[in-house]
Amino acid sequence: MKHSDTVVIGSGLAGLMAALTSAKQGKKVTLLTTGAGSLSLNSGVIDVLGFDENHNFVESPREGIKTLPEDHPYKKIGVDTLEKAVEAFLDFTKEGHFPYSGSLDRQILVPTAVGTLKPTCLAPRSLNGNGLKEKQHIVVVGISGLKDFYGDIIVDNIRPLLGENHRYEVVTVESGLGGGRDITTMDVARWMDTDGGLETLASALKPHAAEGTVFLLPQILGTAGEDRMIALQDKLGAEVVETTCLPPSVNGLRLQKIFHGALMRLGVDLIEDTKVVRAVTQGKRCTAVVAQAAAREKTYEAEKFILATGGFYSGGITMREFEQPKEMIFGLPVWFVPGEENWSNEQLFSDKPQGFAKTGILTDENLRPVDNKTGKVVYDNVHVVGRNLGGYDFCFEHSGNGVALASAYKAAMV
Ligand SMILES: Cc1cc2nc3c(=O)[nH]c(=O)nc-3n(C[C@H](O)[C@H](O)[C@H](O)COP(=O)(O)OP(=O)(O)OC[C@H]3O[C@@H](n4cnc5c(N)ncnc54)[C@H](O)[C@@H]3O)c2cc1C
């Protein structure tokens, strides 16, 4: 039986941030996880709040949060803690030589793979599209054989957003990758890690570089950090900006990589391919969780447990029948929007939230789970973070990684 100060369950952004923050507080941390987490799917930029309850664009996330309803996770976390979480994250990415920038006061606009501009709060330099408007010449760069990136569509969609005073060009570069199969951004990013890949791309693009040029590329500038972006900019003498992309998300995996490195250095026991199946409790305290790995069960004792299992999307919460959502480890009460007719909109992309998306666990100010009816804390030493939390629709309001980051920071600090 293993004993730690803190056991974190799940290694998406919320679990990684909770483990990192706890370890930085000098705690002995065990991180138990199975599966990849959504950093391999999402672009790794930190949306704090892009749209309010009425789907109006939020210029300043700090101001926007004030308008949210009381049961929203940010209202429990508090803006001061959110601010500290943002600072801690910016410091951490700087230490990891993969610096993010941004603040709670202004959105960064990140170009997407279909040529829209997505608001986000914190982003690495390669994804920051705020300077695009000032550039005269925009060169959209495709890679032959790369799926889901079409230069002409990007130009058609981004032109009305940036204004008409720009000259556009679409260039397709031959990589020689794939051997007849479709290739992914990860294939190209690995090729860009090599000097040959970088040189080939730079030679193909150099003739298109001039004063005021920016190159808009898929997310391919290396699998780690920002070194390849800097190297390409130096060779071209021009700025380069990446778009978001469909999975696998190269940038999400770059972020995951620096988390893993830091956790190893801080002595966190990261145990992968381990599914936590139940909790051992005594009254209002959890004393241990039991995990399954390689057909064996193992018990992990701790003083504190942080539940970061990702809600519906990652199996932390399931629902076989309407009105019976289930949290899978502790059997915590799960809140949901009542009435099956309010469960979803027929339109997947609409200006109204999806009822099902708000399903999750309600908590007190310290993110401890509460009974939905009485409001009483269920376990004193269990804290719920990330997409397990109820009362918000991350997709509609663009707040997924922001809630993950801030709730994880708070759970680790209380
Ligand atoms: C396609 C997509 C794109 C997105 N894009 C963005 C974006 O651009 N910006 C943004 O801010 N947000 C985005 N989001 C939202 C964001 O990904 C999430 O809201 C946030 O990262 C959730 O993090 P999490 O750690 O709570 O959950 P997850 O990342 O889902 O991690 C949960 C982890 O827990 C593990 N787990 C589950 N059950 C157990 C168990 N029993 N034992 C052990 N481990 C377990 C899972 O395998 C997983 O590793 C996107 C989401 C999706 C799906």
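Straight distance only, please: which lysines reach the Cα of Lys147 with their own Cα at less than 21 Å, same-chain residues fewer than 8 apart left out?
Lys147 reaches Lys118.
Arrange Tyr150, Tyr74 by Cβ neighbour counts within 10 Å, fewest through most, would you?
Working: Tyr150 16, Tyr74 25.
Ordered by Cβ neighbours within 10 Å, fewest first: Tyr150, Tyr74.
Arrange the following residues from fewest to most other Cβ atoms within 10 Å of their Cβ: Met229, Met413.
Values: Met229 21, Met413 16.
Fewest-to-most Cβ neighbours within 10 Å comes out as Met413, Met229.
Can you tell me the FRET efficiency between Lys133 and Lys284 if r is taken as the Cβ-Cβ distance and R0 is 51 Å, rounded to the nearest 0.05? Spell out each step's value before the answer.
Working: r = 55 Å, r/R0 = 1.08.
So, using R0 = 51 Å, E works out to roughly 0.40.
Can you give the translational diffusion coefficient of segment 113-243 in µm²/s, computed by Stokes-Einstein from the Kirkwood radius over Cα pairs at 37 °C and 0.692 mPa s? Mind showing how you got there, number by number?
Details: Rh = 14.8 Å.
After rounding, the answer is 221 µm²/s.
What number in nm² do you get for the chain if you take the convex hull of its Cα atoms and divide its surface by four? Numbers along the way, then the final one.
Numbers: hull surface 84.0 nm².
Taking the Cα atoms of the chain, their convex hull projects to 21.0 nm² on average.
Just need the Rg to Rh number for segment 1-129, please, alpha carbons only, Kirkwood Rh.
Working: Rg = 16.2 Å, Rh = 16.3 Å.
Ratio of gyration radius to Kirkwood radius for segment 1-129: 1.00.
Filter the trypsin sites (Lys or Arg not before Pro) in segment 289-341 to those in DSSP coil with at most 16 other Cβ atoms within 10 Å of their Cβ, and list the result.
On the way: sites: Arg296, Lys298, Lys304, Arg320, Lys326; in loops: Arg320.
Taking segment 289-341 and a limit of 16 other Cβ atoms within 10 Å, the loop trypsin sites (Lys or Arg not before Pro) found are Arg320.
In nm, to one decimal, how far is the Glu95 label point from the Asp193 one, both placed 7 Å along Cα→Cβ?
2.4 nm
Checking the table Lys24/Lys257; Lys27/Lys84; Lys66/Lys94; Lys76/Lys376 against a 22 Å threshold on Cα-Cα, which pairs fail? Mind showing how you got there, number by number?
Working: Lys24/Lys257 18 Å; Lys27/Lys84 19 Å; Lys66/Lys94 29 Å; Lys76/Lys376 15 Å.
Violating the 22 Å Cα-Cα cut-off are Lys66/Lys94.
Hand me the GluC sites (Glu not before Pro) from segment 181-236 located in a DSSP loop with no more than 13 other Cβ atoms within 10 Å, in residue order please.
Numbers: sites: Glu199, Glu211, Glu226; in loops: Glu211, Glu226.
Passing sites in segment 181-236 are Glu211.
In percent, what relative contact order does segment 1-157 have, based on Cα pairs under 8 Å that are 6 or more apart in sequence?
Values: 197 pairs, mean separation 26.5, N = 157.
Over segment 1-157, the number comes to 17 percent.
List residues of segment 330-345, by number, whose backbone nitrogen lies under 11 Å from a label position 7 Å along Cα→C-beta of Met319.
334-344
Highest GNM mean-square fluctuation, the chain, Cα pairs closer than 10 Å: which of Lys76, Lys358, Lys66?
Lys66
Determine the dipole magnitude for segment 183-258: charges of +1 sit on the beta-carbon of Lys and Arg, -1 on that of Asp and Glu, nothing else is charged, the reference point is the Cα centre, and the result goes in debye to the nearest 20. Spell out each step's value before the answer.
On the way: 6 positive and 10 negative charges, 38 e Å.
The calculated dipole for segment 183-258 is roughly 180 debye.
Percent relative contact order of the chain, based on C-alpha pairs within less than 8 angstrom and at least six residues apart? Kindly include the intermediate steps, with their values, before the conclusion.
Numbers: 933 pairs, mean separation 99.5, N = 414.
That works out to 24 percent.
For segment 373-412, which trypsin sites (Lys or Arg not before Pro) pass both filters: DSSP loop (anything but H, G, I, E, B) and at most 16 other C-beta atoms within 10 Å?
On the way: sites: Lys373, Lys376, Arg387, Lys410; in loops: Lys373, Lys376.
Those that pass, being in a loop and sparsely packed, are Lys373, Lys376.
Bear in mind these aren't lab numbers, they're just calculated from the coordinates by the rules spelled out. These figures come from a predicted structure and were not determined experimentally. Virtual Cβ from ideal backbone geometry, glycine too; neighbours counted across all protein chains shown.
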